[in-house]
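The structure appears below as structure tokens.
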Amino acid sequence: MMKNGRIAIPSMGSGGLDGQRSGHFGHCDVFTFVDVEDGKIKQVLTIQNQEHVQGGCMVPVNLLAGHKVNALVVGGIGMRPLMGFRQVGIDVYHDAERIDIRPVVEDLIAGKLAMITDDQVCGGGGAQRV
Amino acid sequence: MIRILIVSSENVFADALTSIFKKKKEVTLTRAESGNQGLSMVKDQNYHLVITDEILSDMTGLEFAGKMLSVNPMINCAAASSLSHDEFHEASEGLGILMALPLKPGENHVNRLMEHLQKILQYTIS
């Protein structure tokens with residue numbers, strides 16, 4: 001269960017709590033940030049993603065670390081960015097089923113979402129993307 | 001200065017790159033002659049880019065790139081490859097390889113790689 005912290009969700013379009021998730025974090029339009037305080041949603045923000053270039057896996061890692069993100073929810077991710085997120089202390093959770101942001105965020109706060117495992121990464125185990 | 005490590009057990013690939021990079025004043029070049037030597041070097045020193053040959057004396061270039069992720073995932077990597085574009089994409093998925101280089105890279109390949117690297121470094125170097 002998450003009591004306090006910032007959750008990042010790769011999102012399509014303008015994002016937001018009622019928006020939809022993007023299937024690949026590196027190519028998302030925006031990141032929706034959900035700030036959690038005492039286990040409740042305190043505020044929701046969005047920030048623009050940066051340009052995606054081949055091999056630029058550390059660009060979103062640096063972006064999210066710079067915005068003090070604690071947890072990220074992905075539908076798919078490569079091993080390199082996953083290792084990068086681990087290195088900067090951002091927990092990476094996995095949900096490859098649901099497109100809507102709100103239920104995924106609620107499950108993460110409630111402690112019902114699992115962290116991604118090494119065999120779920122793209123290229124390593126054929127993980128599905130949202 | 002941009003610090004680059006070339007990992008190559010054969011001279012053909014390393015020499016081709018060295019002769020091109022020599023002309024670039026903003027680059028400092030180091031070489032490792034095996035995958036394990038390269039892994040030990042990326043553990044101890046910080047490089048902006050590692051360029052690996054396709055086959056090393058102790059592992060393949062892509063195996064090296066995969067092992068490097070456990071040591072330092074922040075380092076950018078390019079790899080020599082004789083595979084087609086699609087085959088390389090499939091073989092390297094998830095490793096975050098910047099670019100595949102031919103086994104005998106020319107100046108145009110290196111220039112393209114450096115432009116690509118600069119683009120990434122502008123977002124990731126603070």
Inset, instruction - Mind putting a number on the dipole of chain B about its Cα centre? Charges go on the C-beta only, +1 for Lys and Arg and -1 for Asp and Glu, and I need it in Debye to the nearest 20. - result: 660 debye
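What FRET efficiency would be calculated for the residue pair B:GLN118, A:ILE99, taking the C-beta separation as r and a Förster radius of 51 Å, to the nearest 0.05? Write out the running numbers ahead of the final one.
Numbers: r = 36 Å, r/R0 = 0.70.
The computed FRET efficiency comes out at 0.90.
Taking square-rooted eigenvalues a ≥ b ≥ c of the alpha carbon gyration tensor, is chain B rounded, prolate or oblate, where a/c under 1.5 means rounded and, failing that, a/b exceeding b/c means prolate? Before the final figure, lay out each step's value.
Working: a/c = 1.15, a/b = 1.09, b/c = 1.06.
Taking the square roots of the gyration eigenvalues as a ≥ b ≥ c, chain B is rounded.
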Legend entry - Under-5 Å amide H pairs with A:GLY78, H placed in peptide plane, nonlocal only: A:CYS122
Legend entry - Calculated from backbone phi, Karplus (6.51, -1.76, 1.60) coupling profile of the stretch B:27-40 in Hz, x at Gly/Pro: 10, 10, 10, 10, 10, 10, 9, 8, x, 5, 5, x, 5, 5
Legend entry - Cα centroid separation, the stretch B:3-76 to the stretch A:5-74 (Å): 32 Å
Legend entry - Tally of Lys pairs whose C-alpha atoms are under 19 Å apart, taken over the protein assembly as shown, 8 or more apart or cross-chain: 13
Inset, instruction - Highest first, please rank the peptides A:54-63, A:24-33, B:16-25 by the mean number of other Cβ atoms sitting within 10 Å of their residues. - result: A:54-63, A:24-33, B:16-25
Legend entry - Exposed-site-free run, longest, chain B (rule: GluC sites (Glu not before Pro); DSSP loop; at most 16 other C-beta within 10 Å): B:27-92
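222 nm [θ] for chain B, helices only, -39500 (n - 2.57) per DSSP H run of 4+, per residue, to 500? Numbers along the way, then the final one.
On the way: 5 runs with 58 residues, N = 126.
Helix contribution divided over all residues of chain B: -14000 deg cm²/dmol.
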Inset, instruction - Measure off 7 Å from each Cα along the Cα-to-Cβ vector at A:VAL53 and B:GLU107, then give the distance between these two points in nanometres to one decimal. - result: 2.2 nm
Inset, instruction - Mind listing the long-range amide H neighbours of A:TYR93? Cut-off is under 5 Å, sequence gap 5 or more, other chains count too, H placed in the peptide plane at 1.01 Å from N. - result: A:LEU72, A:VAL73, A:VAL74, A:ILE116
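Under a Cβ-Cβ cut-off of 9 Å, what is the net charge of the residues other than B:GLY61 that fall near it, where Lys and Arg count +1 and Asp and Glu count -1? Present the calculation step by step, with values, prior to reporting the outcome.
Working: positive: none; negative: B:ASP53, B:GLU54, B:GLU63.
Net local charge, B:GLY61 excluded: -3.
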Inset, instruction - Work out from phi, with θ = phi - 60° and the Karplus expression 6.51 cos²θ - 1.76 cosθ + 1.60, the ³J(HN,Hα) of each residue of the stretch A:105-114, listed in order in whole Hz, and give x for Gly and Pro. - result: 5, 4, 5, 5, 4, 7, x, 9, 9, 8
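Just check chain A against the gyration tensor rule for me: Cα atoms, a ≥ b ≥ c as the square roots of the eigenvalues, rounded for a/c under 1.5, and otherwise prolate or oblate depending on whether a/b exceeds b/c.
Working: a/c = 1.40, a/b = 1.27, b/c = 1.10.
Rounded shape, in that the Cα axes give a/c under 1.5.
Rule-based calculations on the coordinates, nothing more; no lab input. Model, not experiment: these values are computed from the prediction. Don't worry about glycine lacking a Cβ; one is built from the backbone with ideal geometry, like all the others, and counts go over all protein chains shown.
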